[in-house]
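Notes for the one structure printed next.
The values are calculated or read from the model by the stated rules, or taken from the named source; none is laboratory data. In this text the structure is predicted, and so the values were computed from the model without any measurement. In this analysis, Cβ positions are derived from the backbone assuming ideal geometry, glycine residues included, and neighbour counts consider all displayed protein chains.
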Amino acid sequence: MTTADVSTSGTAGPAGRPTDRTWLVAVAAALWGTDGLLRLPLAADLPSGTVVFWEHLIIVAVLSPFVPRAVRALARCGPRVWLAVLIIGGGSSALATALFTAAFQTGDAITPLVLQKLQPVFAVLAAWAVLGERLRSGYALFAVPAIAGAWLLAFADPLDIEFSALRAALLALGAAALWAAGTVLGRLVSTSLPSRDVTTLRFTVGLPVAAIIVAAQGNPYTVDWDNAVGLGLLALIPGLFALSLYYTGLRATPAARATLAELAYPATAVVIGVSFLDETMTATQWAGLVVVVAAVTALGWHERAAKRRPVVVPPEPVSTGGRE
């Protein structure tokens with residue numbers, strides 16, 4: 001396997017061709033779309049911070065046998081990876097969700113949705129600055145339709161959008177930036193740590209941050225047994241299982257491509273909402289759904305078949321610390 005092969009995706013398939021896992025990132029993001037089906041009944045009984053805290057607690061309990069090994073692997077890495085893991089766990093996993101929820105609590109439901117659509121832009125810029133990923137012109141053929149489709153999907157009338165409230169805007173921008181950072185830094189640490197360790201560290205670091213958020217909001221830590229099943233399913237399906245797939249896929253997927261594959265999340269969430277939560281969609285939202293699905297599917301197909309890929313990744317540095 002040549003250095004060029006490794007620089008494209010991190011692994012190699014048959015005949016030395018780099019293995020692409022954009023599709024696996026999309027599958028993981030689609031599983032995140034089931035979040036609403038499980039979270040909505042819990043939101044009626046529990047504060048959002050309490051739900052996030054229990055999600056982390058349940059996952060850390062399940063992964064507890066792997067925590068010592070993950071911590072040892074992290075200790076063999078450098079300060080750059082330590083900082084990345086801290087941001088992923090404390091920022092992208094716990095704080096971003098709290099910021100996004102707080103943005104909605106201002107009473108302005110439009111502003112967070114509008115500004116969240118900047119997440120792919122943040123991710124692409126961060127991937128260029130942090131990872132050295134370079135985009136070819138072909139990237140726009142997938143990025144522009146995908147982001148436009150996500151915009152159509154978010155709003156019943158995409159031409160009649162009014163947003164205000166500086167506080168809501170800043171909170172939503174903070175959440176979008178942290179989620180984008182999670183994509184980019186997840187790709188960064190995946191070159192030094194196995195995907196299982198990245199998943200373990202994300203929730204282990206995120207747990208104390210989630211606990212601090214609950215305390216800061218003055219919410220209770222305790223929940224009733226009636227919510228135990230819902231919390232368990234929420235933690236294990238769109239939480240642990242989806243994140244495990246995500247980091248496995250991200251290890252072989254440049255961040256600039258992964259952020260588009262993650263748009264499978266809102267597409268699946270809409271399908272779940274219409275099918276199970278009695279939501280309705282306008283014609284433009286249906287059009288947006290089709291565009292997003294088509295763009296993400298085409299991106300995955302292109303990366304498996306094309307000789308010239310739209311994202312150029314520099315060669316990974318030689319590192320043995322923390323890798324299997």
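Residues are listed down the side, and each one gets a yes or a no for (1) modelled with pLDDT under 90; (2) within 29 Å of ALA143 (Cβ to Cβ); (3) more than 21 Å from the chain's Cα centre (by Cα):
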| site | (1), (2), (3) |
| --- | --- |
| THR2 | yes, yes, yes |
| SER9 | yes, yes, no |
| THR34 | yes, yes, no |
| TRP54 | no, no, no |
| ARG76 | no, no, yes |
| ALA84 | no, yes, no |
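Within the range 195-204, none of the residues are under 23 Å from ALA75 (Cβ atoms) and outside any helix (DSSP H, G or I). The helices (runs of 4 or more DSSP H) found entirely in the range 222-310 that carry 1 or more residues being among the β-branched types (Val, Ile, Thr), touching a residue at least 24 places away in the same chain (Cβ under 8 Å) and buried (at least 16 other Cβ atoms within 10 Å of the Cβ) are 242-250, 255-261, 264-276, 283-305.
Out of the residues in the range 189-204 that are surrounded by fewer than 24 Cβ atoms within 10 Å (Cβ to Cβ) and of a type outside the set (Gly, Ala, Ser), which is farthest from ALA242 (Cα to Cα)? Residue satisfying both the conditions and the ranking: THR191. When the range 108-135 is limited to residues that are in contact with a helix residue (DSSP H, G or I) (Cβ under 8 Å, 6 or more places away or on another chain) and part of a loop (DSSP other than H, G, I, E, B), the one that is modelled with the lowest pLDDT turns out to be ASP108. Scanning the range 236-257 for residues that are at pLDDT 90 or above, closer than 13 Å to VAL27 by Cβ and of a type in the set (A, V, I, L, M, F, W, C) yields ILE237, PHE241, ALA242, LEU243, LEU245.
Need the failing condition index for ILE88 against (1) within 18 Å of the chain's Cα centre (by Cα); (2) outside any helix (DSSP H, G or I), just the number. Unmet for ILE88, out of (1) within 18 Å of the chain's Cα centre (by Cα); (2) outside any helix (DSSP H, G or I): (2). For TYR221, the criteria (1) at pLDDT 90 or above; (2) hydroxyl-bearing (Ser, Thr, Tyr); (3) closer than 28 Å to TYR139 by Cα hold in every case but one, which is (3). Hey, among the residues in the range 25-42 that are in contact with a Ser or Thr (Cβ under 6 Å, 6 or more places away or on another chain) and part of a helix (DSSP H, G or I), which one's surrounded by the fewest Cβ atoms within 10 Å (Cβ to Cβ)? Of everything passing the filter in the range 25-42, ALA30 is surrounded by the fewest Cβ atoms within 10 Å (Cβ to Cβ).
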